Each structure stands twice: as C-alpha cells, then as structure tokens.
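FYI, it's all coordinate maths here, none of it is from the lab. This one's a predicted model, so the numbers in the text were calculated from it and none came from an experiment. In this analysis, Cβ positions are derived from the backbone assuming ideal geometry, glycine residues included, and neighbour counts consider all displayed protein chains.
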Amino acid sequence: MNLATMPASAHPDSADDCTTVAVARRLGLAVRSVQLMVDRGELEAWKTPGGHRRISRAAVDRWLAARKGGVARPRAERSNEVTVSPAQSSSPGLAGSAQARGSAAARPRVLLIEDSRHYQNLVGLLLKSRFPQVELHLADDGIAGLAMAGKLEPEVLLVDILLPGIDGATLITGLRTHAAFAHSRLIVITSLEGAALEPYAFALEGLPVVHKPRMAIELPLLLAAALAETAAA
C-alpha cells in the first residue's frame, strides 16, 4: 500500500490521528503488527514527510467494530482448501472436541495461524505430501486462531509472530500458560531473524522456530517430532 506523504498541517484529520505506538497500545498489538496492518490496507493511514505513519482514530474504531461484529472468520470455515473435521463442524465446544480426540479413529489436528495466503498454501502442500494423516485447519489472524484453538484443542499449533488481531507473541504467551493447551505442541513460524526476533524473546524461549525461507526443510522434521510427542502422551 502506498501511503500519501503530506505535512501534518495539510491533513484534514490531523487532530484525530494517532501514531502506530498509540494504536498498538490501544489494540494490544506489537507496533510492527500495526505497521503491517497499515501496509495491507486494514487501517487507513498517511505518512508525515519524515516517513512516520499516522492512523485516524475513526479507522481504528471501525477496525474494532468490525472485530466485535465478527466480520473476520477463520479461513477454515470458508475455504474449500481445508478439510473440516467433525470436531470443528458439529462439536458444540471443548467437550465435543475432547471426545473426538479420544476416539481411536480421530486424526491428529494441526492449526496454522498465519495471515499470508502464500504460506498457508505452502504448509498445506507440505502436510499433504508428508503428513497425509493430519487434518489442517487455518486461521487468518490471532483472534480467529485463539477461538479455533479453544474449539479444536489441536495436537500442534503453528503460529506466526506477526499477526493481525492479536500479536503472535501475545497469543503464544497466552497459549503456553493456559491449562487447556497443555497437551498441544507449539511451533513458531516467522520471517524474522537475528535482532528482529529479540523483542519477542520473552514468548519464544524454549520453542522451536521455523524460518519461513527454510520452511520446506525445517518444518517437516519439527512437526514429525511434535506429533510423536503428542501421540506418546
């Protein structure tokens, strides 16, 4: 998204504009996540001559209202690319998904929380080729992912760090500390490396991290180990 650059005094809504830091604080997200939302066109914004993003309060209010109204739904419920399990389509809640997991015929579930269609497709192809026994479910953002994780109780969660809705690091921290997901294994997927990962170190400690450029090599090995652990448990 190309943002228009103009002096603050020339922008008609400058009095009602917010910095990315202020918006991140209000939404409970990382600043980088808000910047990506602007670049994807999810939040209306403009740039100062110095290159700083400014986001209108009205755009933030509309984004929050859309989330509360349930506009965004998990892709797994609207895409023909994903196999929807009986636990997802008919279970009323956690009890139903737990019962499905206990069935001898139940297939292991993997929930991918990732907003990039490219990497959704890549993970889908990898699992179809290497792990045909696995049911893959997709969520486009952190809010949808958290809801689906509670409903499905998947054996493995693949979580991107930079997510709209709820920042991936915040989501990972919540999942790691919630008793309902004690049986699940977490694998982090990200395009960040080196110093760019340092702000998220608090959430990633002890977790396997797959770097997206090397996903085809790294993910199958880590996923195989995670599925073996959950089967043994």
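A few comments on the model shown:
- The label-point distance for Arg62 and Arg40, in a model that sets each label 7 Å from Cα toward Cβ, rounds to 1.7 nm.
- Between His118 and Val209, the C-beta separation translates, for a Förster distance of 22 Å, into a calculated FRET efficiency of about 0.70.
- Sorting the segments 42-50, 161-169, 225-233 by their residues' average number of neighbouring beta-carbon atoms within 10 angstrom, most packed first, yields 161-169, 42-50, 225-233.
- Between Ile217 and Leu126, the contour length at 0.36 nm per residue exceeds the Cα-Cα span by 31.8 nm.
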